[in-house]
Every structure is written in C-alpha cells, then in structure tokens.
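Down below is the structure, laid out as structure tokens.
The values are calculated or read from the model by the stated rules, or taken from the named source; none is laboratory data. Worth saying up front: this structure is predicted, and the values here are computed from it rather than measured. Ideal geometry is used to build each Cβ from the backbone, glycine not excepted, and the neighbour counts take in all protein chains shown. In case anyone asks, the SASA skips ligands and DNA or RNA and just uses the protein heavy atoms, side chains included. Shrake-Rupley method; radii C 1.70, N 1.55, O 1.52, S 1.80 Å.
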Amino acid sequence: MAVAIDPTLLPELQRYGAFDVAACFNCGNCTAVCPLTDDDATFPRRIIRYAQVGMKAELLASKELWTCYYCGECSETCPRQAEPGEFMAAARRYAIASYDKTRLARTMYLQPVIGTAIAVMLAAVFAMFMYVAHGPQDGSTLALFKFIPSELIHSLGLAIMIVVGLAGLAGIVTMARRIARSEGVGWGTVFGGRAALGRSARALWIALGIESLGQRRYRKDCESVQEPVAWYRRRWLLHALTMWGFLGLFGATIADYGLELLGTKATGTPVPIWYPVRLLGTVAGAMLIFGTTMLILNRLQQANRSVRKSQSADWTLLLLLWLTGMSGFVLELALYLPQAPTWGYWVFLFHVAIAMELVLLAPFMKLAHVVYRPVALFFYALKPSTSAG
Amino acid sequence: MIEQRIDIDALVVGAGIAGLQSALDLADRGYSVLLVEREASIGGKMIALSKVFPTMDCASCITTPRMSSAAHHDNITTWTYTDVDSITPDGAAFTAKLTRKARYVDEDLCIGCRLCEYACPVELPHEFEGNMGARRAAYIPFGTAIPQKALIDIDGCVYCGKCEKACPTDAIDFGQKPVSVTVHARSVVIATGFETTPLDAKKEYQGGVAANVISALDMERLLSPNGPYGRVLRPSDGKIPDNVAYVQCAGSRDETLGVPYCSRVCCMYAIKQTMLLSGSLPLADITVYYMDIRAFGKGYEQFYQTARSMGINFVKAKVARIEEEPNGDLKLRVEIIEEDGRVSEMAHDLVVLSVGLKPGDDPRRFIGVDLDQYGFVASPEPKLDATLTSMPGVAAAGTAIGPKDIVDSIMEASAAATKVATYLGPPPNSPQPADDGVQIDIREIEAGDALAVAGHSEVLRG
C-alpha cells in the first residue's frame with residue numbers, strides 16, 4: 001500500500017505542544033518503559049516515527065494516541081529528553097483539531113488569544129440572550145427560574161445539545177472510520193453474527209465501564225510508575241472525581257428536566273437537600289470542585305511530569321469546569337441565606353451561561369477527549385489482531 | 001607536617017597508562033619527571049582490565065612493563081598515594097603543592113613481604129576487585145601493584161598491632177603523618193583519567209540494588225585470571241551464569257544522566273567481554289542490547305563481526321527497565337525495534353551495565369585550566385592540537401581530555417610529551433647528537449639498565 005508522506009506534519013504538530021521529537025533517535029526506551037504498552041498498542045516511539053517521517057494518515061488512525069494517560073515516565077527517562085509524553089499530548093490536540101471539520105478546534109488550540117476571545121464572547125452572548133428575556137427578581141426568596149424562565153433554559157440547552165451532538169458525532173465518525181480502516185475492522189467484525197455482537201458488547205463495556213468510568217489502567221498501571229503522592233492527590237482520582245462530578249451534574253440537570261416533563265416536579269420548585277436529584281447535584285458538584293481545584297493546583301505547582309507544561313487549552317477547560325462548579329456551589333449557599341440576595345440572580349445567570357458554553361465548546365476543545373478516548377478504547381478492547389489470529 | 005622541596009622539568013599528574021606514557025617519553029629524552037598518583041599503586045584503570053580489544057592482549061602483561069619502566073627509570077620519580085593540592089604559575093614555571101598521604105608504612109623499609117597482610121585480622125571489601133573479594137586493612141593494593149609496598153587502611157584498622165609484630169623490617173609506623181611537598185616544575189601534564197558513571201545512576205536499572213546487576217569493570221575482574229573468584233560467577237549466589245545480558249549506553253548518550261556524549265569504549269569492551277565470556281562459559285547465552293554499535297577503530301569492525309559470528313546475540317533495543325526476580329534473576333523490558341516493535345521482557349541471570357566514562361578528577365581543584373561543559377580538559381585547538389590546554393606549559397593526555405580507548409590514550413600521551421618537550425627546549429645535560437645521528441647505542445646499555453628500558457626498548461631496536 002502506498003504511504004502518503006506529508007512533510008508539514010511535524011512542524012504542524014509542533015505548534016500543538018512543546019516537545020522536541022527531532023532529537024529522538026528512536027531507541028525505544030519510551031515504548032518499553034511505558035506501563036500501558038502491550039502487544040496491541042505500542043507507543044510512543046511508533047507514533048513519533050509517524051510524525052518524524054510525515055505519515056499523517058497513520059498518525060490520525062492511531063488508537064494509541066488515546067490509550068496514553070500521560071504519566072510522564074517516558075519523558076522522565078528519555079535519553080534525549082525529547083519529551084515523548086508531551087508529544088503524545090500534542091498529537092491528541094492535533095487529532096482533536098483534525099477530526100473537527102469546522103476548524104474551530106484548530107483556532108482554539110493554535111490561537112489562544114482568539115480562542116479565549118471566542119470563549120468569553122460566547123459566554124457573554126448566552127448571558128445577554130438570557131438577560132434580555134429575564135423576568136422579575138423576587139426579593140423574598142431566590143426564585144431563579146422566574147428570573148430566567150426555565151423554558152428558555154431548557155430550549156436553549158436542547159438546541160446546544162443538538163449542535164454538540166452533531167459535531168461530536170461527526171468527529172466520532174471521522175475518527176472511527178480512520179481507526180477501523182487501519183485496524184482492519186469492518187461492519188462485519190463489529191455486528192456480523194452473535195459472536196461478533198457479543199465481542200462488541202464486551203468491548204463497549206470495557207471501553208465505557210471499566211476503563212472510562214472505572215479508570216482501571218489509569219489507576220493501576222499509570223500510578224505504578226509515579227512517585228508516590230497522598231491518595232487525595234493521585235492523578236487518576238482527581239480525574240475521576242472531575243469526570244464523575246461532571247457526569248453527575250449533567251445527569252442531575254437532565255433528570256430535573258425529566259421530572260418536569262413527567263410532571264413530578266416543576267423546575268425551580270424548592271426541594272430539601274436529600275431530594276435525590278438535588279443530592280446527586282450537590283455531591284457531584286463537590287466532587288467536581290475538589291477535582292478541578294486540585295488539578296489546577298497541580299498545574300500551578302507543576303507537581304508532576306505530566307503538568308510541567310501547560311497549554312492555554314488545559315487552563316481553559318479546567319477554568320470552565322471550576323467556574324461552573326463554583327458558581328453552582330455559591331448558588332447553593334445563596335439559597336440558604338435568610339434574605340434572598342440579589343447577587344444570587346447574577347450568579348445564576350453566570351452559572352447557566354458558563355455551563356452552556358462548556359457544553360457547546362466540548363467538541364472543539366480538550367473536553368472532546370470524553371468521546372474520542374472511549375472510541376479508541378473500544379477498538380483497543382476489540383483486539384481484532386488477536387481474535388483474527 | 002614535614003616540608004620538602006624539589007625541582008623538576010615535568011610534573012605528570014596521574015599514573016594511568018596515559019601518564020605513564022607521557023612520563024616515559026619525557027624521561028627518555030632526558031627530562032626529569034615527577035609522576036604523582038593518588039592511588040597506592042601506579043597503573044590506573046588499565047591494570048585492572050582482563051584483556052584489551054582488539055588484540056586480546058592480556059592487560060596485565062602489557063601494562064606491567066610500562067609500569068616497571070616508569071618506576072625504575074633514572075629520570076622518573078614516582079610518588080604514589082599523593083594528592084595534588086594546587087599547581088600555580090610561578091614566572092615561567094609552576095609551583096605545585098602536593099600531599100603525600102600517610103601509608104602508615106615506611107616505604108623505604110617495606111620489602112613487600114606481605115607478612116603484615118597475613119597477620120591482619122580485618123577483612124574489608126576489595127575495591128580493586130569491584131568489592132567482590134576481600135582484602136585486609138594492612139595490604140598491598142593488588143598482586144601486580146607498583147610499588148610493592150604495603151599500606152594500612154586506617155579507617156578499617158582495629159589497632160591490634162599484629163602487623164607491627166609481624167613486620168620483619170619494623171616498617172609499620174602508626175605515627176606517620178601526611179607530608180606536604182612543594183615542587184617546582186617547568187611544565188605539567190594532566191593525565192587524571194576517568195571514572196565510570198555510577199552503577200546506580202539510572203534507577204530503572206537496579207544497579208547497586210540487585211546483586212546480579214554489575215558494572216563492566218566488575219566483569220573485567222571476573223574475567224581476569226587473578227580475579228576475585230578465579231572464574232565467572234554471579235555475585236548473589238555464586239551460580240555459574242548461563243544467560244548474560246549486556247546493557248549498552250547504561251551511562252552514555254543519556255541526557256537524564258547529564259552524559260549526552262558517547263563514551264566511545266563501551267561497545268568495544270562489551271564485545272571483547274562477550275568473546276571472553278564465550279570462552280569461559282561456553283554454554284552461556286550472551287545478548288548485547290544496543291542502540292548503535294560503534295566500532296570505529298582499526299580492526300574494530302572486524303572484531304565486532306567476529307563476535308557476531310561466534311554467536312553473540314546482538315539485539316537493537318534500549319533497555320528501559322530491569323526488574324529483579326526473587327531468585328536473583330533479572331527481567332529486562334525492551335522494545336523489539338527490528339521486528340514488530342512489540343515490548344518484550346527478556347530473562348537473564350546476570351546483567352552487565354556498560355557504564356560510561358566521566359572525568360576521573362576535577363582538574364580545576366588544583367589548576368586553572370579551562371574545562372569543557374562535562375568537566376574534561378578543553379583544548380583551545382581541539383582539532384589541531386588536542387593535548388593543548390588553556391595554560392602555556394600545561395598539556396593534557398588520555399581520558400582527562402575526553403573518553404577514548406587505550407590506543408588513543410597512549411598516542412595522545414606521546415603527543416603531549418612531544419608538545420611539552422618542545423615547550424621546554426633541549427633537556428639539561430642532554431647528550432650532543434653524535435655525527436652518525438645515533439643518540440643512544442643499545443649495546444652500551446648496562447645490564448642493570450635493561451629493566452629501565454623494557455617496554456620501550458623496541459623503539460630503540462627498531
């Protein structure tokens with residue numbers, strides 16, 4: 001098969017991160033030192049090789065990009081200090097930008113000033129839009145959903161989710177097609193017959209349940225090579241808390257809307273803290289705040305190899321998550337205050353605008369890994385090489 | 001402290017093979033040389049080697065003649081166990097402050113009979129044998145040491161006095177003090193040599209933790225006919241190894257160790273050792289994990305090809321991690337680059353780390369010459385005049401300048417001697433050249449002088 005060589009690949013990749021793979025002399029230390037490398041996924045050297053020689057299609061079809069959790073052991077021990085771990089992170093950013101046909105992700109990554117401006121403006125537009133439609137501010141209790149009608153939030157939220165869903169789907173399809181072709185996976189491999197379906201279901205469970213939600217290899221393998229840190233500062237735990245928190249809040253929001261649709265509880269009805277949906281939201285919010293705060297702290301302190309270099313994209317995501325969590329938390333406090341504080345309404349406006357922006361931008365920023373990683377892990381769990389042989 | 005003071009033409013710092021060669025070349029031309037060595041014997045690292053590549057000469061057999069030539073040369077004064085504290089320019093010459101460390105044995109009285117050693121009850125790890133054997137606290141450094149004079153390791157000594165009673169010449173002197181000496185030298189040769197990168201430099205390799213991960217210098221001793229065990233056994237349990245691994249670039253070409261340069265000798269010494277191992281362990285499997293094989297010298301590539309044809313297994317891979325099994329065996333994690341790039345865990349029962357070379361001393365401690373960023377002596381003319389230093393009248397030779405093999409060290413030492421001789425001008429009391437152009441006639445050398453010219457007499461005969 002002919003291999004297309006793109007000489008601009010390496011310089012282009014270098015724009016997505018600070019690494020020096022030109023220094024790499026292909027010794028293979030990174031691959032062998034990696035706790036995640038096995039027969040079905042060898043990296044980073046092979047992926048670095050793709051970059052060095054310009055094999056763009058092969059690089060973008062590598063599920064290995066997403067099986068790496070950047071423990072930094074390869075960068076730590078690289079004899080050339082070529083930063084293979086940072087390379088993998090940059091390649092993931094490049095992949096997110098490449099799978100996105102709108103080129104918005106590319107702008108977000110490569111032009112941080114414009115990217116930040118877009119983010120700020122987007123939040124402002126959401127806020128303005130809702131402000132224009134705002135209702136009265138009740139002075140006795142915080143009647144948030146009278147201030148901004150819940151119908152408005154719901155329909156805006158639905159619209160955003162449809163846009164995001166389409167963008168995400170387009171990215172997944174682009175990526176899955178590339179990986180499937182390079183791995184030799186066809187429709188038949190995934191859906192053809194009972195055995196294939198069973199295998200696919202199992203792979204899906206491993207990808208989504210065990211690895212994504214359970215963080216098995218991140219937890220077991222990647223931590224094994226790290227300098228021991230206090231349990232509450234372990235990378236996998238902070239990541240898991242952030243992820244579970246995010247999913248919990250997302251779930252609580254959807255469920256709350258669902259209760260309204262079912263006619264059980266209208267949005268905005270005061271409920272006690274133990275009310276399941278509210279409890280879920282509160283616990284998830286606490287997890288998100290703790291997780292993101294510690295992750296920000298790790299980055300500020302450059303606490304480990306994987307956070308020694310931070311891109312604006314890393315900060316944008318953490319900041320958006322943190323602001324969403326914190327504003328929600330402040331809101332929760334405001335609800336308990338005896339006199340309804342007027343600032344509560346503005347915090348609410350801010351909270352809704354930021355949360356909407358976070359969701360809308362998801363496919364175009366670092367958060368996109370929530371869809372790309374499970375796709376890669378699915379192909380990894382499918383292991384066509386071993387099942388065929 | 002007693003003060004002494006002497007004047008000489010050339011002060012050679014370090015009595016390894018480079019220092020010995022510079023000293024001999026200068027002395028043969030009629031210059032007076034003071035050869036100082038911090039260890040208790042001259043001979044440096046080379047005397048500890050088993051055989052040398054690519055000729056497979058026995059290292060002791062070719063080093064000892066040089067050592068004894070220098071030790072017995074009329075124009076060379078050899079001081080072992082002596083530290084150089086400072087060398088400062090003093091007009092056109094240099095003032096050197098030296099400290100002759102206390103051996104606790106009177107060198108003039110000691111006859112090297114070793115009765116003190118036999119009497120001493122203390123056993124300590126033997127540094128010369130890579131700490132694999134034991135020595136006494138009162139000891140002669142090693143079998144072929146020059147001078148054959150005892151010394152007492154006062155830190156390990158229990159002051160039992162048995163050596164004092166055993167000594168037939170009353171040479172033991174516990175009251176001995178270090179002696180400061182001021183030397184006026186007209187020139188200096190820096191030949192401070194190398195040290196190997198530490199065995200535990202790369203923590204992933206378990207060096208210094210796992211008993212069966214040894215350095216290549218340790219293997220030299222295991223392979224030596226007069227080594228610690230007399231044959232190749234692995235340190236943890238004395239088992240005869242049957243699956244030996246060499247880890248190349250274990251101390252070189254690695255930015256994480258601050259040694260980005262190639263140490264130049266590791267490929268060749270590893271190849272040499274694998275050949276010797278095939279001789280002493282004919283049934284053993286031997287694997288060399290390498291990034292690149294650098295066999296650049298005369299006859300070196302052929303040497304490498306010979307090793308390949310002997311069945312030594314060369315695997316292109318950088319070893320990333322070594323893990324110790326409960327039975328002392330080792331697992332090496334590597335990427336098999338030349339096949340499908342899979343990661344493999346290779347099992348071995350003895351692992352030799354091909355450690356790299358770094359400066360043996362910091363010359364800036366005692367002299368103001370410029371060094372390069374890695375601490376080797378820097379020449380202002382690295383291409384045209386490698387033995388030059390930033391100070392007039394000071395030359396350098398051998399691995400003090402940078403990693404190199406024995407062949408190159410000796411050639412460089414001779415070059416340094418030539419540069420110093422040119423700098424010094426004709427030696428004092430130099431014989432006028434005879435009309436026929438022959439300076440020295442071999443037939444005129446007295447029998448007693450024969451030893452003095454052994455090892456370099458072939459130059460005269462030729």
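Relative contact order for the range A:188-290 using alpha-carbon pairs under 8 Å, separation at least 6, rounded to a whole percent? Relative contact order comes out at 24 percent.
Taking square-rooted eigenvalues a ≥ b ≥ c of the alpha carbon gyration tensor, is the protein assembly as shown rounded, prolate or oblate, where a/c under 1.5 means rounded and, failing that, a/b exceeding b/c means prolate?
prolate
Shown for the range A:35-58: residues covered by the partner protein chains by 50 Å² or more of accessible area relative to the chain by itself (probe radius 1.4 Å), namely A:R45. Taken per residue, the accessible surface of the range A:270-389 reaches 44 Å², heavy atoms only and a 1.4 Å probe. Tell me, what is the percent relative contact order of the range A:1-155, built from C-alpha pairs under 8 Å that lie six or more residues apart? It rounds to 22 percent for the range A:1-155. The accessible-area loss of the range B:164-202 on complex formation, taken against its chain alone with a 1.4 Å probe, reaches 10 Å² or more at B:K202.
Counting only protein heavy atoms and a probe of 1.4 Å, the accessible surface of the protein assembly as shown is 60% carbon and sulfur. Taking the charge dipole of chain A about its Cα centre, with +1 at Lys and Arg Cβ atoms and -1 at Asp and Glu Cβ atoms, the residue from A:A105, A:I160, A:Q14 reaching farthest to the positive side is A:Q14.
Other residues within the sphere of radius under 12 Å centred on the Cβ of A:Y109, judged by their own Cβ, net out at +3 (K and R +1, D and E -1). Here the Gaussian network model covers chain A, with springs between Cα atoms less than 10 Å apart; of A:L144, A:L104, A:L259, A:L259 fluctuates the most. By the Cβ-Cβ criterion of under 4.7 Å, the unpaired cysteines of chain A are A:C24, A:C27, A:C34, A:C68, A:C78.
Considering only B:Y31, B:P428, B:M268, the residue lying farthest towards the positive end of the dipole of chain B is B:M268, judged by Cα position with unit charges set on Cβ.
Think of each Lys and Arg Cβ as +1 and each Asp and Glu Cβ as -1; about the Cα centre, that makes the dipole of chain A roughly 680 debye. Taken about its Cα centre, the protein assembly as shown carries a charge dipole of roughly 3820 debye when the Cβ of each Lys and Arg holds +1 and the Cβ of each Asp and Glu holds -1. Rolling a 1.4 Å probe across the protein heavy atoms gives the range B:220-333 an accessible surface of 39 Å² per residue.
Placing one equal scatterer on every Cα of the range B:197-357 and applying the Debye formula, the log10 ratio I(q)/I(0) at q = 0.21 Å⁻¹ is -1.58.
Among the cysteines of chain B, those with no neighbouring cysteine Cβ under 4.7 Å are B:C110, B:C113, B:C120, B:C157, B:C160, B:C167, B:C249, B:C262, B:C266, B:C267. Electrostatic tally near A:F145: other residues with Cβ closer than 13 Å to its Cβ, Lys and Arg +1, Asp and Glu -1, net -2. Buried on complex formation within the range B:326-353 (loss of at least 50 square angstrom of accessible surface versus the isolated chain, 1.4 Å probe, ligands and nucleic acids ignored): B:R333, B:E335, B:I337, B:V343. Using just the C-alpha positions of the range B:115-166 as equal point scatterers, what log10 of I(q)/I(0) does the Debye formula give at each q in 0.22, 0.32 1/Å? Log10 of I(q)/I(0), two decimals: -0.77, -1.32. For chain B, the longest principal axis of the alpha carbon atoms and the long axis of helix B:406-424 meet at an angle near 20°.
Using alpha carbons only, how many degrees (0 to 90, rounded to 10) separate the axis of helix B:300-309 from the longest principal axis of chain B? With both axes taken from Cα atoms, the answer is about 30 degrees.
Run the helix sum for the protein assembly as shown: -39,500 (n - 2.57) per DSSP H stretch of 4+ residues, divided by residue count, reported at 222 nm to the nearest 500 deg cm²/dmol.
Computed mean residue ellipticity for the protein assembly as shown: -12500 deg cm²/dmol.
At q = 0.11, 0.12, 0.13 Å⁻¹, what base-10 log of I(q)/I(0) does the Debye formula yield for chain B when every alpha carbon is treated as an equal point scatterer in vacuo? With no solvent term, the Cα-only Debye profile gives -0.95, -1.11, -1.26. Annotation: the antiparallel percentage among DSSP beta bridges lying fully within chain B is about 50.
Looking at the range A:9-99, the accessible area is 23 square angstrom per residue; that uses a 1.4 Å probe and ignores ligands, DNA and RNA. Between the helical axis of A:369-382 and the longest alpha-carbon principal axis of chain A there is an angle of about 40 degrees. Looking at the range A:114-388, the pairs of alpha carbons with a distance over 33 Å make up 31% of the total.
Chains B and A together bury some 1700 Å² of accessible area, summed over both sides, with a 1.4 Å probe.
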